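Reading through the structure tokens given below for one structure.
The values are calculated or read from the model by the stated rules, or taken from the named source; none is laboratory data. Everything quoted here is computed from the prediction, not taken from an experiment. Cβ: placed from backbone, ideal geometry, glycine included. Neighbour counts: every protein chain shown.
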Amino acid sequence: MKKTFILTIIFLVLTSLNAQTVTYDDVAVIVNDNSQASIEIGNYFKEKRSIPEVNMIHINCSTDERVDSTEARSLINQVSNYLTSNNIASSINYLVTTKGVPYIYDAGNCDTVPGFWECSPIDQELTMVINHEENILSNSVFNNPYYDTLVPEFIQEENTFYLVTRLDAYTVDEVKTLIDRSGPDIKVDMSSAQFVFDVAFASDTSATSPFVFVIQRGNEFVQSKGWNSIYDPESGTFITEASNVLAYYSFLFQPSNKVLNFQWLRGSIAFLGMSSSAFTFLHAQNPYNDLILADLIAEGACGGIGFFGPYFMHAGTIWPEIVLNKYTYGLDTIRQSNLYFNLAESYYQSISRLPSVQIIVGDPKTSIVLGDPNDINEYDRIALFKAFPNPADANLTIEYEIKENTPVTIKLYSLFGTRVYQHNESAQFGKQSHKIDVSNLPKGLYIIELETNGLKTREKIMIR
């Protein structure tokens, strides 16, 4: 009974919080200095998300999408050495690779059944770059401790791995468009947003088809939450021309015209379960003209997951009800909560073992909230609000920027809703900084709140 009561308090505290300011201080971007595309994308993402310079990891490697073990090992070692030598290994939760950084370790025969197991996505190998070095490029896996949990925020030190996503598309401009249409707290109108589940590929569209069964479960889940969906298992018609698409889910190979003609919403995500749906992000390397993840990004999808090689069913299934449950968590009850999952968290919550065979594309901190899509996001309105280091063990520094001279209140709450610190000041226009001694506070998750002119912004902080 006591445990139930405590969990109820935690849930009520989390669900009572309004939108928080999301920072990218725990995001590191990997840039290949031999690739102009990688440099341009890295700089663009850094400027758009205010990523600290120290979090920009510059490496020198091949610009090919596929590399051998020597090149892959060199790339991974450069990232590992940078994280440790700059003392940011424990403060980084997300790694973002960029177009121009190799992403497939190719043992030479990835397109055959035996050879497939000798190959792997470098992005996924990077999940283990600090705490699981012995597993890198070894074909060994470990169970994902973050799999299908309700942990409100991913912290690398607790889970012992990084969440890795990629900024890639056919062109640099398409990547920039993806960045512009992504980010935290994208507003979505639940009454018009649509989830598309396509089963036209299947030779057996009966409920016994394993592919159709997976997609059917996803459709049933989103409908149970009150979302709109398009799902037509009977006609066998390839779904095109859909509007207000928030998510797309399909398996296997698609018709060769590669055109969906969807109208994708900001913050939209996709899943292509065909065997080689993310085997390239280069036009010239898609000889079969199959619909692949890069085609969806070119059309306007803001994130997606695909497989780098064949025989994906041997590696497990990404269940749509897990991904979509996390990405839309609580929105059916008009969520006003810090208990939410961003793009990277949602995808990795659905992967049971690491490293996986998936490539995940998108801004890792893209997330959605209910609201008018034409309104300016809270994230866009707030110039600056940072709390660091996170996790903290001695002093916590709060940095913020205000547009006028105004009273400011800074509060720190425990996860149980108890206010453990408050500071009031008359702040001056511009950037401000304030330090809090947290050395005597119990370890755990806390909420830091800044209030000015009736606007409250919050961020989760771990004290260790």
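Inside the range 27-55, residues that are in contact (Cβ under 8 Å) with a residue 40 or more places away in the chain, farther than 17 Å from residue 400 by Cα and assigned to a loop (DSSP other than H, G, I, E, B) make up a count of 2. Restricting the range 133-147 to residues that are modelled with pLDDT of 75 or more and of a type in the set (A, V, I, L, M, F, W, C) leaves a set whose member that is surrounded by the most Cβ atoms within 10 Å (Cβ to Cβ) is 141. Listed by first and then second residue, the pairs with beta-carbon distance under 7 Å, at least 6 apart or on different chains, first residue in the range 130-155 and under 19 Å from residue 318 (Cα atoms), second at pLDDT below 75, are 142/132; 142/135; 145/159; 146/159. Of the residues making up the range 235-245, one or more are outside any helix (DSSP H, G or I), at negative phi, touching a strand residue (DSSP E or B) at 6+ places or on another chain (Cβ under 8 Å) and at pLDDT below 90. Of all residues in the range 349-369, exactly one satisfies the criterion of being of a type in the set (Val, Ile, Thr) and out of contact with any Gly (no Cβ under 8 Å at 6 or more places or on another chain), namely 369. When the range 312-356 is limited to residues that are at pLDDT 80 or above and of a type in the set (A, V, I, L, M), the one that is surrounded by the most Cβ atoms within 10 Å (Cβ to Cβ) turns out to be 343.
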